[in-house]
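J.: Structure in C-alpha cells, see below.
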Ligand SMILES: Cc1ncc(C[n+]2csc(CCOP(=O)(O)OP(=O)(O)O)c2C)c(N)n1
Ligand SMILES: [Mg+2]
C-alpha cells in the first residue's frame, strides 16, 4: 500500500473533538492530568468553560463525568487505557453503564504503544474489561481520519462508549473526511483465500502482512472493525461462509478481547457447534437468588433443558 | 402547626415505613436508614425545590444518596410526600420492583443516580453542581449528597472532596451521616476518621457540625450553607444509628440486618 502520511490517531480524535465542542456547548472534555498526552490542551485553551481538569484521579473523573452527563452534557473523559478503564472499571460500570449516562471514555497509549514505559503502562486487557460491560460501546479507530470522524459522531450519540487508541504515528488508511458510524466493519483489502479481521492501529500492520502474503500466493482479504461492540456480526457471518478460514489480529490478550468476540460469533452462529450458557449481556436485579438464577437460565432445570435442546440440533 | 411539628409527624411516619418495608423485604440496612430519617424528611418536606408532577423539572434541586444502602429511608420519604405510592414500599427488593435493594436511576424517575458501591456519589454530585454552575444557575439550584461516615474510608470520596473545593462549588452540600458505625464495627475502631471536621475543612470546604436528628439543626445548617457561595459545604450530621428503636440504637450489628416480623410488630408500637 502507498503509505503517504504518518499521523497520530489520538490527534485525529482531539481535532474532531475540538470541532464537536465548538459546535455544541454541551460537549464537555475532562482530563486526569493527561491533557497534552491526548491532545486536549487545545480544547482547554480555547474552550475553558467546557473543559474540566480533575487531577490524577481517574475514579473521580468518571464520577464527575457521570454527574455532568446527568445534567445534559456529553462528557468525554480522557486518560490512558491502563488507568481508564483499567483503574476505574467499577465507577464506569456503576455510574456510567448501569446508570446509562452519555459518558465517553477516551483512552490512548493502548496495547504495547506506551512501549518504553514498560508493562505497567501497557494495557492489554482493556478490551476484555470494556466488552463485558452491558450498554458500553467499544471502539478502536485505525488512523487519524477515522478517529477524527469518530469524535463528532460520539458527540451526537447517547450511548456510553469506550475509545481505545494507540499512541504513535500510523499510516493513513482512510481519506480525510471519511464518515464514521458505530457498528459497520470496513472491508479494506480484497482477497480470495482467507480473511483477516483486525481492529485499531493494527490495521496498517495487517495490510502490510497481506501484501507480503500475496507474494507467497496467499490472497488475503482484510476487514477492519472500528466497532468491537456491538460487533458487526453480519459481516463476520458473511466472511465466515465466504472464506471458511478467519484470522484475527489484535494488540490485546487473546482471552476476552477482539478475537474472542469473533470466536464467540463464529462458534455460536456458524462454523462450529457450541452452546454457551451464562448471563447474556444484562445486569441482575433484586429478587431471590433462586428467581434470578431461573430468570437467567442458570438453575438446574434450565441448564438441563438448554443442553437437551442443543443435543438435538 | 409549626413547621418542626409538621416535619416530626412526617418523620414518625417515614420511620414506620422504613421498619415495615425492611421487615417485609427480609433483608436490608436498618441502622443507617433509621438514623437518617430526619435528614431525608427535612429534604423533601422543607428544603428541596421540586415539582411533584415532574421528576425531571429543569429547575429542581438535586438530592442523592452516595450511601445507596440506606435506600429504604429515601423510598419511604418519597412515599410520605406522595411521589410514589405507600403500597409500593412492600415491593422493596422483590423481582420486578422499581425499589431496587440499592437505588437505580433508570428504574425510578425520582432518583438522580445509581448508588451502592461506596465513594462515588460525591464526585457525581460535584459534576452536577459544576454543570449547574457553568450554566449560570448556581444561586438557583442546589445539589445535596448524603454520604456515610464509614464510606469516607474510600479514596474516591476524597478525590471528589478535593475536586469540589478546586471548582468552588458553592451550590454543593454534602451531608455526612456521622453515626459512628459501619459494617464491621464502630468507625473509630475499623478506621479512625477523626478529626473529620478538620480534615474536610483543610480541603477547602465550609464545615458545620450538627445534631442530625434535630430538624432545627438541619434546617439552620442548610440555610447557612446556602449563603456560602464560594465553596462547598459539609454538614457533619451526628445521628443515632437505629434512631427510634432504643434496643438497637448505636449498635453497629444492625448496619446490615432487617427486623423480623415479630420485631417489626413490637417496635412499631414504641415508635
Ligand atoms: C465499594 C464498596 N465496598 C464495600 C461495600 C459494602 N458496604 C456496604 S455499607 C458498608 C459500610 C459503610 O459504612 P457507613 O457509610 O458508615 O454506613 P452505615 O453503616 O453507617 O449505614 C460497607 C463496607 C460497598 N457497598 N461498596
Ligand atoms: Mg456510618
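The values are calculated or read from the model by the stated rules, or taken from the named source; none is laboratory data. Here the structure is a predicted model, which is why all the values come from computation and not from measurement. Cβ placement follows ideal geometry from the backbone for every residue including glycine, while neighbour counts extend to all protein chains displayed.
J.: What about residue B:98, is it modelled with pLDDT of 95 or more, within 25 Å of residue A:92 (Cα to Cα) and in a loop (DSSP other than H, G, I, E, B)? Let's see the steps before the verdict.
T.: Working: modelled with pLDDT of 95 or more: yes; within 25 Å of residue A:92 (Cα to Cα): yes; in a loop (DSSP other than H, G, I, E, B): yes.
Judged against the criteria, residue B:98 is a match.
J.: Does segment B:6-27 contain any residue that is touching a strand residue (DSSP E or B) at 6+ places or on another chain (Cβ under 8 Å) and either closer than 30 Å to residue B:157 by Cβ or within 16 Å of ligand 2 (Cβ to nearest atom) (or both)?
T.: So far as segment B:6-27 goes, no, none of its residues is touching a strand residue (DSSP E or B) at 6+ places or on another chain (Cβ under 8 Å) and either closer than 30 Å to residue B:157 by Cβ or within 16 Å of ligand 2 (Cβ to nearest atom) (or both).
J.: Follow-up question, since we're still on this one. Go through B:225, B:234, B:221, B:241 for me and flag whichever is closer than 17 Å to residue B:186 by Cα, buried (at least 20 other Cβ atoms within 10 Å of the Cβ) and in contact with a strand residue (DSSP E or B) (Cβ under 8 Å, 6 or more places away or on another chain).
T.: Exactly one of B:225, B:234, B:221, B:241 is closer than 17 Å to residue B:186 by Cα, buried (at least 20 other Cβ atoms within 10 Å of the Cβ) and in contact with a strand residue (DSSP E or B) (Cβ under 8 Å, 6 or more places away or on another chain), namely B:241.
J.: State whether one or more residues within segment B:126-139 are within 16 Å of ligand 2 (Cβ to nearest atom), buried (at least 24 other Cβ atoms within 10 Å of the Cβ) and closer than 27 Å to residue B:227 by Cβ. Steps first, please.
T.: So the first thing to find is which residues in segment B:126-139 are within 16 Å of ligand 2 (Cβ to nearest atom), and the list is none.
There is no residue in segment B:126-139 that is within 16 Å of ligand 2 (Cβ to nearest atom), buried (at least 24 other Cβ atoms within 10 Å of the Cβ) and closer than 27 Å to residue B:227 by Cβ.
J.: Separate question: Go through the residues of segment B:165-173 one by one and say whether even a single one is part of a helix (DSSP H, G or I), buried (at least 17 other Cβ atoms within 10 Å of the Cβ), away from ligand 2 (no atom under 11 Å from the Cβ) and within 14 Å of chain A (Cβ to nearest Cβ).
T.: The initial filter retains those residues of segment B:165-173 that are part of a helix (DSSP H, G or I), namely B:165-166.
Now drop any that are not buried (at least 17 other Cβ atoms within 10 Å of the Cβ), which leaves B:165.
Those still in the list that are away from ligand 2 (no atom under 11 Å from the Cβ) too: B:165.
Filter once more, keeping what is within 14 Å of chain A (Cβ to nearest Cβ): B:165.
Looking for residues that are part of a helix (DSSP H, G or I), buried (at least 17 other Cβ atoms within 10 Å of the Cβ), away from ligand 2 (no atom under 11 Å from the Cβ) and within 14 Å of chain A (Cβ to nearest Cβ), one finds at least one in segment B:165-173, hence yes.
J.: Tell me, which residue of segment B:1-27 that is within 14 Å of another protein chain (Cβ to nearest Cβ) and buried (at least 24 other Cβ atoms within 10 Å of the Cβ) is farthest from ligand 1 (Cβ to nearest atom)? First the steps, then the outcome.
T.: Initially, segment B:1-27 is screened for residues within 14 Å of another protein chain (Cβ to nearest Cβ), giving B:21-22, B:24-27.
Pick out the ones that are also buried (at least 24 other Cβ atoms within 10 Å of the Cβ) and you get B:21-22.
Numbers: B:21: 16, B:22: 13 Å.
Residue satisfying both the conditions and the ranking: B:21.
J.: Sticking with this structure for a sec: Scan segment A:33-45 for residues that are touching a residue at least 24 places away in the same chain (Cβ under 8 Å) and in a loop (DSSP other than H, G, I, E, B) and report the count.
T.: In the first step, residues of segment A:33-45 are kept if they are touching a residue at least 24 places away in the same chain (Cβ under 8 Å); the result is A:34-35, A:37-40, A:42-43.
From what's left, in a loop (DSSP other than H, G, I, E, B): A:34, A:39-40.
Total satisfying the criteria: 3.
J.: For the condition out of contact with any helix residue (DSSP H, G or I) (no Cβ under 7 Å at 6 or more places or on another chain), within 11 Å of chain B (Cβ to nearest Cβ) and over 17 Å from residue A:123 (Cβ atoms), what is the one hit in A:57, A:65, A:45, A:69?
T.: Numbers: A:57 fails: out of contact with any helix residue (DSSP H, G or I) (no Cβ under 7 Å at 6 or more places or on another chain); A:65 fails: out of contact with any helix residue (DSSP H, G or I) (no Cβ under 7 Å at 6 or more places or on another chain); A:45 fails: within 11 Å of chain B (Cβ to nearest Cβ).
Selected residue: A:69, the only one of A:57, A:65, A:45, A:69 that is out of contact with any helix residue (DSSP H, G or I) (no Cβ under 7 Å at 6 or more places or on another chain), within 11 Å of chain B (Cβ to nearest Cβ) and over 17 Å from residue A:123 (Cβ atoms).
J.: Something else about it: Determine which member of the set B:36, B:95, B:89, B:99 is within 15 Å of the chain's Cα centre (by Cα) and within 29 Å of residue B:182 (Cα to Cα).
T.: Details: B:95 fails: within 15 Å of the chain's Cα centre (by Cα); B:89 fails: within 15 Å of the chain's Cα centre (by Cα); B:99 fails: within 15 Å of the chain's Cα centre (by Cα).
Going through B:36, B:95, B:89, B:99 in turn, the sole match is B:36.
J.: If you don't mind, there's one more thing I want to ask. Please specify each residue of segment A:285-295 satisfying the condition of being more than 7 Å from chain B (Cβ to nearest Cβ) and at pLDDT 80 or above. Can you show your working first?
T.: Of all residues in segment A:285-295, those more than 7 Å from chain B (Cβ to nearest Cβ) come to A:288-290, A:292-295.
Matches in segment A:285-295: A:294, A:295.
J.: Check off (1) in contact with a helix residue (DSSP H, G or I) (Cβ under 6 Å, 6 or more places away or on another chain); (2) within 28 Å of residue A:288 (Cβ to Cβ) for residue B:13 and give me the number that stays unchecked.
T.: So residue B:13 meets the others, but not (2).
J.: Can you name the residue in segment B:235-256 that is more than 13 Å from ligand 2 (Cβ to nearest atom) and touching a helix residue (DSSP H, G or I) at 6+ places or on another chain (Cβ under 6 Å) and, of all such residues, is farthest from residue B:22 (Cα to Cα)?
T.: B:235
J.: Would you confirm whether or not segment B:105-120 contains a residue that is away from ligand 1 (no atom under 14 Å from the Cβ), within 14 Å of chain A (Cβ to nearest Cβ) and outside any loop (DSSP other than H, G, I, E, B)? Spell out the reasoning first.
T.: Initial filter on segment B:105-120 (away from ligand 1 (no atom under 14 Å from the Cβ)): B:105-113.
Still in the running and within 14 Å of chain A (Cβ to nearest Cβ): B:105-113.
Adding the requirement that they be outside any loop (DSSP other than H, G, I, E, B) leaves none.
No; the residues of segment B:105-120 include none that is away from ligand 1 (no atom under 14 Å from the Cβ), within 14 Å of chain A (Cβ to nearest Cβ) and outside any loop (DSSP other than H, G, I, E, B).
J.: With respect to residue B:46, determine if the residue is within 16 Å of ligand 1 (Cβ to nearest atom) and more than 14 Å from chain A (Cβ to nearest Cβ). Please lay out each step first, then the result.
T.: Values: within 16 Å of ligand 1 (Cβ to nearest atom): no; more than 14 Å from chain A (Cβ to nearest Cβ): yes.
Judged against the criteria, residue B:46 is not a match.
J.: Which condition from (1) under 17 Å from residue B:121 (Cα atoms); (2) over 14 Å from the mean Cα position of the chain (by Cα); (3) within 16 Å of ligand 2 (Cβ to nearest atom) is the one that residue B:197 breaks?
T.: (1)
J.: Does segment B:182-217 hold any residues that are out of contact with any strand residue (DSSP E or B) (no Cβ under 9 Å at 6 or more places or on another chain) and within 12 Å of ligand 1 (Cβ to nearest atom), and which are they?
T.: Result: B:183, B:184, B:185, B:186, B:188.
J.: Within segment A:22-42, work out how many residues are within 14 Å of another protein chain (Cβ to nearest Cβ) and crowded, with 24+ Cβ neighbours inside 10 Å.
T.: So the answer is 6.
J.: I'd like the full set of residues that are free of Cβ contacts under 8 Å to residues at least 60 places away in the same chain, more than 13 Å from chain A (Cβ to nearest Cβ) and assigned to a loop (DSSP other than H, G, I, E, B), limited to segment B:127-164.
T.: Scanning segment B:127-164 gives a single hit, B:149.
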